[in-house]
Amino acid sequence: MKVTYDRYPELPRFLKTFVEFTATSLATRSFILYGDVVLDDFSKRYSKINVIIILEKGLWEKDFNELDSIIDKLAAMNEDFSKLLRAYFVPYTMLENPRIIHQDLEGMIVRDLKQEIINQYPLSQTDDFMIMKKGEVLYGEDLRSHFPIPPLECFWQQFLAEVPNIEEIAKIYPFQHSQSPNYDHATNWILYFSRVLYSIQNNDVIGRMKGAYWFSNEYLNKLGDFVVEVASCRQRNISLSSVMGVVENSRELMLFCIEKAFKIKGIHTPDLKSLYKEDQGHANFSRFFMEIRNIIENI
């Protein structure tokens, strides 16, 4: 976290204040930081500040008022960081029984300064891995070992679950030309592929910048240079507008990484790239993803 704190010296104070507000207002057992900050991969433009607060008990009406007050005070202190918060307030019972929907037990998700009530454990298996292996306890008990133990192949399973979302993302920028591209959204999606490939191969998680360098060293081709250039934009908090060939390289990167992911797992695939069609600059991935779905169904 030292690199992140050096780049954003006001962040430690923001987190310390958040801890103090929470610990004095709610029945807090543990306050754990995870995600880009602990991976030293934080970007004020591209990242979230991920924390999970384990509560002794479920939230009640007075607790919701306390949460309103906490978020208001944090926003007054630093609105930019407050907007980046993705904070989970989770009663310990949900942690013990993550698959159960609790009818009489409530927690809360705070993101984009908005609150959402939950009655089931909200984190993914890869989040659990991140917390157990990389999380930083900022207050209270060290409950990292109490989190659901992720399966050995959690990154592979998460990737398979993400395929429908990837298929939808492939219909927009950076995989399709756009007159009004969303550079911020595109940057993290491009870096998703190099990072997930690292995780599948090594059963571990690293920051997007390190993932880009790993990819560049592992696969010595033009895609490696492209990924590092994109990661550099993210690190400097600038847009992709200066990067050449974003759409064409993004398409090739996605095709390459998806096919490589199956090969890492020893799963034979046909020539998937031949199923991708391009017509007047528009990319049609429908046959490609149809074959991917068929492969997944037969695993």
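Every read-out reported here was derived from the displayed coordinates using simple, explicitly stated rules and does not represent laboratory data. Not measured: the values here are computed from a predicted model. Neighbour counts are summed over all protein chains in view; Cβ atoms, including those assigned to glycine, are modelled from backbone coordinates with ideal geometry.
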Checklist outcome for this item: Within the stretch 89-130, residues touching a Gly at 6+ places or on another chain (Cβ under 9 Å) and within 19 Å of VAL37 (Cα to Cα) come out as PHE89, ASP127, MET130
Item to check | Exclusive hit being over 23 Å from MET1 (Cβ atoms) and aliphatic (A, V, I, L, M), set ILE190, ILE206 | outcome: ILE190
Checklist entry - Could we say that GLU66 is touching a residue at least 24 places away in the same chain (Cβ under 8 Å), out of contact with any Cys (no Cβ under 8 Å at 6 or more places or on another chain) and either basic (Lys, Arg) or surrounded by 14 or more Cβ atoms within 10 Å (Cβ to Cβ) (or both) here? => result yes
Checklist outcome for this item: Filtering the stretch 57-91 down to residues that are in a strand (DSSP E or B) and either of a type outside the set (A, V, I, L, M) or on the phi > 0 side of the Ramachandran plot (or both) yields ARG86, TYR88, PHE89, PRO91
Checklist outcome for this item: For the stretch 242-299 the number of residues that are without any contact (Cβ under 8 Å) to a residue 24 or more places away in the chain, in a helix (DSSP H, G or I), of a type in the set (A, V, I, L, M) and surrounded by 13 or more Cβ atoms within 10 Å (Cβ to Cβ) is 2
